[in-house]
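Asker: Let me give you the structure first, and then I'll get to my questions.
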Amino acid sequence: MDIMLILCIAFAIVFVLLAPFVGAIISGIDRKVTAKMQGRVGPKILQPIYDVLKLLGKESATVNPAQDFFVLLYLIFVVIAGIIFFSGLDFLLCVLIITLASLFLIIAAYSSRSPFAELGAQREILQVMCYEPMILIMAVGLFMANGAFNIYDLFNAQLPIIVYLPLIFIGFIFVLTIKVRKSPFDISMSHHAHQELVRGVTTEISGRSLAYIEISHWYETVLFLGWVAMFFIFCNPLVSAILCVASVIVVYFLEILIDNNFARVKWQSMLKYSWIVALLFGGVNILVLMVL
Amino acid sequence: MSGTKKSPWIIHYDGSSCNGCDIEVLAALTPLYDAERFGVINTGNPKHADIFVVTGAINEQNKNVVKQIYDQMLEPKIVVACGACACGGGVYRECYNVSGGVDQVIPVDAYVSGCAIKPESLFDAIVAGVEILEQKRQALKKSNKAKPNISTKDKA
Ligand code: SF4
């Protein structure tokens, strides 16, 4: 148990220190691949880091102090959710805390009383409601396949949980598009040069606070890709490591492909499709597991 | 280390113009010229932008709009006037409601010549502009209270 504890703490520290860099590089590669898909040269791989450094050097001007505080809370809670996940603790708690983080972002947007930010915040709430059922079903599936909500129990499993939860995995990939804010579901706050509602949730957030949001986004990307990798962990460390890395690369490439091939949808369609997918894929998978 | 030079985000406003320069600015953002390789992002939100790209002349109606956008941008920021109209009124100079170039209402840091401008010359202005941006950032760092007042005017 002592070794477990040390391992947990070690993983948590590695996550806090390394995740922003990994997230930034992933986001840089994302922009480069996107540019290539559009027949452009594209920015440098380190572009997201330059952007954040620039934002940190901007004049500080805020709409109100509460907004900065909530943005900071957003960053802190995203990091806490990541720590919980990567130190192998409770997945359910991780899900709850990441939702709490998005609530702080929503409150930050509302606090500015700007019409664009407010519309963005409303859409962000809809996004949370769209992905939440599927994520909850995923947590239930994890419990049924794994016998516990704890991530570290996966390392003792004979088979990776993807074997039991193939449909839930597909459903999760569907809502992942909402979570990583990719087209067609980037309705509350879009990336790079795709404009929507000026900048949605972040319209009134600028300078240092905007930099914090970017950094939180790097942490989030790493966390969500961790969720993807979770499906491929089992008792054989080498094989699971290979499977995890491969799955993360394939899934993220798929997200970029989807991002570049679909136009933004209305929130009504987003709600409809995400709930249908959650009920269909998640529900059928859970039912099959219950029968078996 | 700072990313100011490598990540100029722009906001584009088209004043009283024939729309020729407007379309050339958009051309600069298309895959053919690909402004994003210099880190340029077209933000559409003054609070996120570093470079204010103005095309077209200033008239009585858009005076306040241009001022508003400029005031909402955070320091360090620069203004690039694109085309003959934005530089000094161009073909509309003598019109009854035109006050002249962008520098009539806000300080301009770089002037791009041409009627219409070429995307290449806009890039030149932005590359020259980021140097001014960097100077302004350092000035801002030194005197964190007072707004820096650098009157470097680059002809691009
Ligand atoms: S400078 Fe020439 S091309 Fe550009 S807006 Fe004025 S008239 Fe049109």
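Asker: Among the residues of the range A:163-186, write down those that are hydrophobic (A, V, I, L, M, F, W, C) and within 19 Å of the chain's Cα centre (by Cα). First the steps, then the outcome.
Answerer: Step one: list which residues in the range A:163-186 are hydrophobic (A, V, I, L, M, F, W, C), which gives A:163, A:165, A:167-170, A:172-176, A:178, A:180, A:185.
Answer for the range A:163-186, where residues must be hydrophobic (A, V, I, L, M, F, W, C) and within 19 Å of the chain's Cα centre (by Cα): A:168, A:169, A:170, A:172, A:173, A:174, A:175, A:176, A:178, A:180, A:185.
Asker: Of all residues being of a type in the set (A, V, I, L, M, F, W, C) and more than 8 Å from every other protein chain (Cβ to nearest Cβ) in the range B:16-34, which is surrounded by the most Cβ atoms within 10 Å (Cβ to Cβ)? Just the residue, please.
Answerer: B:21
Asker: Out of the residues in the range B:35-52 that are in a strand (DSSP E or B) and facing chain A (nearest Cβ under 7 Å), which is surrounded by the most Cβ atoms within 10 Å (Cβ to Cβ)? It would help to see each step written out before you state the result.
Answerer: Within the range B:35-52, the first condition is being in a strand (DSSP E or B), and the residues that meet it are B:41-42, B:51-52.
Checking the rest, the ones that are also facing chain A (nearest Cβ under 7 Å) come to B:41-42.
Working: B:41: 24, B:42: 19.
Result: B:41.
Asker: Among residues belonging to the range B:64-98 that are over 23 Å from residue A:61 (Cβ atoms) and away from the ligand (no atom under 15 Å from the Cβ), point out the one that is surrounded by the most Cβ atoms within 10 Å (Cβ to Cβ). Write out each step before concluding.
Answerer: So in the range B:64-98, the residues over 23 Å from residue A:61 (Cβ atoms) come out as B:81-98.
Restricting the remaining residues to those that are away from the ligand (no atom under 15 Å from the Cβ) gives B:96-97.
Values: B:96: 6, B:97: 11.
Filtering first and then ranking leaves B:97.
Asker: May I pose another question? Taking the conditions exactly as written (buried (at least 21 other Cβ atoms within 10 Å of the Cβ) and modelled with pLDDT under 90), does residue A:216 satisfy them or not?
Answerer: For residue A:216, the condition - buried (at least 21 other Cβ atoms within 10 Å of the Cβ) and modelled with pLDDT under 90 - is not met.
Asker: Which of the following residues is assigned to a loop (DSSP other than H, G, I, E, B) and either modelled with pLDDT under 90 or touching a helix residue (DSSP H, G or I) at 6+ places or on another chain (Cβ under 8 Å) (or both): B:74, B:26? Break it down into steps so the answer makes sense when it comes.
Answerer: On the way: B:26 fails: assigned to a loop (DSSP other than H, G, I, E, B).
Selected residue: B:74, the only one of B:74, B:26 that is assigned to a loop (DSSP other than H, G, I, E, B) and either modelled with pLDDT under 90 or touching a helix residue (DSSP H, G or I) at 6+ places or on another chain (Cβ under 8 Å) (or both).
Asker: Of all residues in the range B:1-18 being out of contact with any Ser or Thr (no Cβ under 8 Å at 6 or more places or on another chain) and within 16 Å of the ligand (Cβ to nearest atom), which is modelled with the highest pLDDT?
Answerer: Step one: list which residues in the range B:1-18 are out of contact with any Ser or Thr (no Cβ under 8 Å at 6 or more places or on another chain), which gives B:1-8, B:16, B:18.
Applying the additional criterion that residues be within 16 Å of the ligand (Cβ to nearest atom) yields B:16, B:18.
Numbers: B:16: 84, B:18: 88.
Residue satisfying both the conditions and the ranking: B:18.
Asker: Is one or more of the residues making up the range B:36-45 in contact (Cβ under 8 Å) with a residue 12 or more places away in the chain and over 27 Å from residue B:135 (Cβ atoms)? Before you say what the answer is, go through the steps one by one.
Answerer: Step one: of the range B:36-45, the residues in contact (Cβ under 8 Å) with a residue 12 or more places away in the chain are B:38-45.
Imposing the further condition that a residue be over 27 Å from residue B:135 (Cβ atoms) reduces the set to none.
No, every residue in the range B:36-45 fails to be in contact (Cβ under 8 Å) with a residue 12 or more places away in the chain and over 27 Å from residue B:135 (Cβ atoms).
Asker: Restricting attention to the range A:41-74, report how many residues are buried (at least 19 other Cβ atoms within 10 Å of the Cβ), farther than 28 Å from residue B:139 by Cβ and facing another protein chain (nearest Cβ under 7 Å).
Answerer: The number of residues fulfilling the criteria is 1.
Asker: Considering every residue within the range A:264-279, establish whether at least one is surrounded by 14 or more Cβ atoms within 10 Å (Cβ to Cβ), in contact (Cβ under 8 Å) with a residue 24 or more places away in the chain and in contact with a Gly (Cβ under 7 Å, 6 or more places away or on another chain).
Answerer: Taking every residue of the range A:264-279 in turn, at least one turns out to be surrounded by 14 or more Cβ atoms within 10 Å (Cβ to Cβ), in contact (Cβ under 8 Å) with a residue 24 or more places away in the chain and in contact with a Gly (Cβ under 7 Å, 6 or more places away or on another chain).
For (1) under 17 Å from residue A:225 (Cβ atoms); (2) among the polar types (S, T, N, Q); (3) outside any helix (DSSP H, G or I), each residue gets a yes or a no:
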site	(1), (2), (3)
A:36	no, no, no
A:40	no, no, yes
A:62	no, yes, yes
A:67	no, yes, no
A:71	no, no, no
A:81	yes, no, no
A:84	yes, no, no
A:94	yes, no, no
A:99	no, yes, no
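Asker: Which residue pairs have Cβ atoms under 9 Å apart, sit 6 or more places apart or on different chains, and have a first residue in the range B:113-130 that is more than 19 Å from residue B:18 (Cα to Cα) and a second that is in a loop (DSSP other than H, G, I, E, B) and within 13 Å of the ligand (Cβ to nearest atom)?
Answerer: Pairs that qualify, where the first residue is more than 19 Å from residue B:18 (Cα to Cα) and the partner is in a loop (DSSP other than H, G, I, E, B) and within 13 Å of the ligand (Cβ to nearest atom), are B:125/B:117.
Asker: Show the residue pairs meeting these rules: Cβ distance below 6 Å; 6+ apart or different chains; first residue within the range B:81-93 and assigned to a strand (DSSP E or B); second residue within 9 Å of the ligand (Cβ to nearest atom).
Answerer: Partner pairs satisfying both residue conditions: B:81/B:87; B:82/B:21; B:82/B:55; B:82/B:117.
Asker: Evaluate the following for residue B:142: is it away from the ligand (no atom under 14 Å from the Cβ) and touching a Lys or Arg at 6+ places or on another chain (Cβ under 9 Å)?
Answerer: no
Asker: Confirm whether residue B:40 is within 16 Å of the ligand (Cβ to nearest atom), within 26 Å of residue A:48 (Cβ to Cβ) and among the hydrophobic types (A, V, I, L, M, F, W, C).
Answerer: Numbers: within 16 Å of the ligand (Cβ to nearest atom): no; within 26 Å of residue A:48 (Cβ to Cβ): yes; among the hydrophobic types (A, V, I, L, M, F, W, C): yes.
No; evaluated as a whole, the condition is false for this residue.
The values are calculated or read from the model by the stated rules, or taken from the named source; none is laboratory data. In this text, all values refer to a predicted model and were calculated from it rather than measured experimentally. Cβ: placed from backbone, ideal geometry, glycine included. Neighbour counts: every protein chain shown.
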